[in-house]
Amino acid sequence: MSLVTSAELLYNAEAGGYAVGAFNCNNMEIVQAIIGAAEAEQSPVIIQASQGAIKYAGLGYIAALVREAAENSPVPVALHLDHGTDFDQVMKCLRGGFTSVMIDGSHYPLEENIAVTRRVVEVAHAVGVSVEGEIGRLQGIEDQISVSERDVFFTDPEEARTFVQETEIDALAPSIGTAHGRYRGRPNLDFDRLKEIRDLTGISLVLHGSSGVPGEDIRRAIALGVRKVNIDTNIREAFVAEIRRRLAADPEEIDPRKVLGPARDRATEVIREKIRLFGSSGKA
Ligand code: G3H
Ligand code: 13P
Ligand code: ZN
């Protein structure tokens with residue numbers, strides 16, 4: 001089927017009390033792994049591209065790969081810009097066929113974040129594209145946040161309410177203690193804050209940096225209103241580990257298909273496990 005918006009997928013996830021997986025892609029094999037996993041699980045899915053992915057593969061290639069995957073699939077697929085940096089880049093994605101965009105103004109003061117996010121919403125909504133905004137600062141994996149520092153970095157629930165009301169975004173990424181990449185120890189998520197943000201905004205929430213979050217914490221976050229869960233690192237780990245294994249087993253191998261094919265299969269398995277964890281199996 002044709003690409004759908006993430007607002008449509010999140011609307012259904014709200015009704016069903018589950019979350020939709022948003023998986024980062026960087027190349028054809030990973031797009032195929034994501035769509036293969038979604039089909040095997042009969043699950044809706046969001047395929048997303050970061051700045052790094054667009055720089056590596058090119059916006060046109062990413063859009064064409066994901067459109068091809070969606071159009072030949074019975075499961076609903078949204079194509080999403082992950083951590084969009086500025087208005088112009090969002091416009092390029094709208095022209096390129098993305099059905100969902102994130103504008104990440106979290107590094108700006110609140111008023112500026114509201115202004116840039118609102119501007120994106122006005123244009124994106126006019127052409128039927130969903131918008132995710134972010135407020136609060138996600139930690140780097142190296143940052144150790146003390147309890148007293150939490151109020152500085154983590155999302156303030158009252159500010160979140162203002163942000164959502166003034167921007168009219170479709171989904172909100174709050175900062176509650178997750179970080180991108182590999183964690184040193186077990187992350188300590190602020191579930192009370194997550195609940196307060198949800199209660200005050202009523203909006204679908206997005207969990208970034210979810211690869212290192214234990215399954216039970218993911219389930220708890222979904223029970224509190226997380227409807228989109230972002231996964232990148234776990235896919236990279238699985239894909240590259242399998243490449244390493246294959247090359248170690250046969251250092252003479254020169255056929256990329258013999259290396260990348262098994263890597264794709266391994267990534268598919270990992271994505272299927274995540275989809276089951278998020279509760280979206282059978283919801284396509
Ligand atoms: O948001 C973080 C994602 O893991 C993307 O990272 O910019 O290296 O593709 P990347
Ligand atoms: P991880 O790489 O930690 O899974 O985070 C992905 C993410 O949040 C993409 O926006
Ligand atoms: Zn992220």
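The values are calculated or read from the model by the stated rules, or taken from the named source; none is laboratory data. All values reported here derive from a predicted model rather than from experimental measurement. Every residue, glycine as well, gets a Cβ built from its backbone with ideal geometry; the counts of neighbours run over all protein chains shown. Side chains included, ligands, DNA and RNA excluded: accessible areas come from the protein's heavy atoms. Shrake-Rupley method; radii C 1.70, N 1.55, O 1.52, S 1.80 Å.
If only residues of the range 61-111 that are within 16 Å of ligand 3 (Cβ to nearest atom) and among the acidic types (Asp, Glu) are counted, the one that is farthest from THR233 (Cα to Cα) is ASP104.
Entry remark, the range 225-259: residues being in contact (Cβ under 8 Å) with a residue 24 or more places away in the chain, buried (at least 17 other Cβ atoms within 10 Å of the Cβ) and more than 16 Å from ligand 1 (Cβ to nearest atom) number 4 in total. Flag: GLY58 does not match the condition of being more than 16 Å from ligand 3 (Cβ to nearest atom), touching a residue at least 60 places away in the same chain (Cβ under 8 Å) and more than 15 Å from the chain's Cα centre (by Cα).
Which of (1) open to solvent by 30 Å² or more (accessible area, probe 1.4 Å); (2) touching a strand residue (DSSP E or B) at 6+ places or on another chain (Cβ under 6 Å); (3) not small (Gly, Ala, Ser) is the odd one out, the single condition ASN188 does not satisfy? Tallying (1) open to solvent by 30 Å² or more (accessible area, probe 1.4 Å); (2) touching a strand residue (DSSP E or B) at 6+ places or on another chain (Cβ under 6 Å); (3) not small (Gly, Ala, Ser), ASN188 fails exactly one: (2). All conditions but one from (1) closer than 19 Å to ALA238 by Cα; (2) away from ligand 3 (no atom under 16 Å from the Cβ) apply to PRO44; the one that does not is (1). Here the helices (runs of 4 or more DSSP H) wholly within the range 1-89 that include at least 2 residues being in contact with a Ser or Thr (Cβ under 7 Å, 6 or more places away or on another chain) and open to solvent by less than 30 Å² (accessible area, probe 1.4 Å) are 6-16, 28-41.
Among the residues of the range 163-181, the ones that are surrounded by fewer than 17 Cβ atoms within 10 Å (Cβ to Cβ) and away from ligand 3 (no atom under 14 Å from the Cβ) come to 3 in all.
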